[in-house]
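The values are calculated or read from the model by the stated rules, or taken from the named source; none is laboratory data. A quick note: this is a predicted structure, and the numbers were derived from the prediction, not measured. Glycine gets a Cβ as well: all are built from the backbone with ideal geometry, and neighbour counts include every protein chain shown.
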Amino acid sequence: MKRNLMKITISIALAVLFLVSGVTIECEENDNQLPEITILYPSYGQEPAYLNVSGIAFDTNGIIEWVEVSLNGKDWWTANGTTNWYFNISKISGFIDVKYTLYARSYNGKNYSKIESVIFPIGNIPPRCWIISPLLNQTVKGLVEIFGTASDFNGNDTIILVEISIDKDWFVVYGTTNWTYLWNSTKVPDGIYNITAFAYDEAGESSWIYPLRTIYVKNNEESNDTKGFELLVILISLSFLILFRKRIKSFT
């Protein structure tokens with residue numbers, strides 16, 4: 001009788017332990033639910049404008065720590081934002097005219113979400129061009145070195161030409177990815193001028209961003225030394241004139 005009672009007691013204890021363990025396991029599963037992520041742009045087969053991709057992510061039990069994207073399953077890059085995220089894939093260089101697969105995943109501090117993906121094409125991307133010097137609204141004179149940089153997502157070796165425009169005059173610069181031009185500002189009247197730079201690739205496409213740089217040309221401004229010298233001459237002349245008049249009065 002005692003042995004049967006002991007068996008019943010052990011069975012009840014095991015049953016209670018099993019139930020408690022079951023509840024604990026269920027809670028852990030609820031606490032470790034995976035976050036979710038959705039790619040909103042681009043859609044399947046759509047070429048992303050300016051190489052921008054974006055989407056949303058959420059977690060029912062917490063917050064999204066970060067979102068990562070990968071192109072063709074290579075390196076993972078951290079996107080901007082979390083629940084509403086975006087990324088410019090121009091940071092990943094070396095594009096050619098083929099289809100690409102974008103992968104995206106979110107992380108909630110414990111687990112990664114399932115990986116979402118979308119396939120889209122990337123055609124020829126026009127090169128970009130920047131003016132580094134002169135600075136915006138800078139005053140210049142004499143020989144002015146104008147220089148900047150250019151890049152192409154399809155490969156910098158595809159850039160074949162960089163030109164600059166100073167108002168209506170066009171000049172071919174020296175170099176491509178790092179370019180420069182020496183401009184003689186003494187050949188133009190003093191005033192305001194606008195500099196624009198354009199880069200061209202092998203496909204004949206030009207920069208889709210046109211940097212504009214406004215400068216001021218002042219070649220005929222008198223120096224402070226010249227003004228000081230002229231003032232000194234005037235003062236000496238006045239002194240001689242006053243002295244001369246006094247001497248005339250003394251004779252009369």
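For residues that are in contact with a Leu (Cβ under 9 Å, 6 or more places away or on another chain) and surrounded by fewer than 18 Cβ atoms within 10 Å (Cβ to Cβ), scanning just the range 157-190, find the one that is farthest from Asp201 (Cα to Cα).
Here the residue is Thr186.
Out of curiosity, is Ile115 modelled with pLDDT under 95 and among the hydrophobic types (A, V, I, L, M, F, W, C)? Spell out the reasoning first.
Working: modelled with pLDDT under 95: no; among the hydrophobic types (A, V, I, L, M, F, W, C): yes.
Taking the combined requirement at face value, the residue does not satisfy it.
Checking Arg128 against (1) exposed (fewer than 15 other Cβ atoms within 10 Å of the Cβ); (2) under 26 Å from the mean Cα position of the chain (by Cα), only one condition comes out false. Which one?
Result: Arg128 passes all but (1).
For the range 59-100: of the residues being more than 23 Å from the chain's Cα centre (by Cα) and part of a strand (DSSP E or B), which is farthest from Asp152 (Cα to Cα)?
Applying the filter and picking the extreme gives Lys99.
Output the number of residues of the range 43-74 satisfying the condition of being within 21 Å of Asn111 (Cβ to Cβ) and not aliphatic (A, V, I, L, M).
11
Step by step: first the residues of the range 39-57, then only those that are assigned to a strand (DSSP E or B) and in contact (Cβ under 8 Å) with a residue 40 or more places away in the chain, then the one that is surrounded by the most Cβ atoms within 10 Å (Cβ to Cβ). Which residue is that?
Ala57
Which condition number in (1) modelled with pLDDT of 95 or more; (2) outside the structural domain of Asn111 (by TED's automatic domain parsing) is the one that Ile25 fails?
Going through the list (1) modelled with pLDDT of 95 or more; (2) outside the structural domain of Asn111 (by TED's automatic domain parsing), Ile25 breaks only (1).
Results for (1) among the charged types (D, E, K, R); (2) closer than 29 Å to Asn52 by Cβ, shown as yes or no for each residue.
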| residue | (1), (2) |
| --- | --- |
| Arg128 | yes, yes |
| Leu136 | no, yes |
| Glu145 | yes, no |
| Ser151 | no, yes |
| Ile166 | no, no |
| Ser185 | no, no |
| Asp190 | yes, no |
| Tyr200 | no, yes |
| Gly204 | no, yes |
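From the list Trp130, Trp170, pick out the single residue that is within 20 Å of Ile215 (Cβ to Cβ) and free of Cβ contacts under 8 Å to residues at least 24 places away in the same chain.
Trp170
Confirm whether Val98 is more than 11 Å from Pro35 (Cα to Cα) and either in contact with a Leu (Cβ under 9 Å, 6 or more places away or on another chain) or crowded, with 17+ Cβ neighbours inside 10 Å (or both).
no
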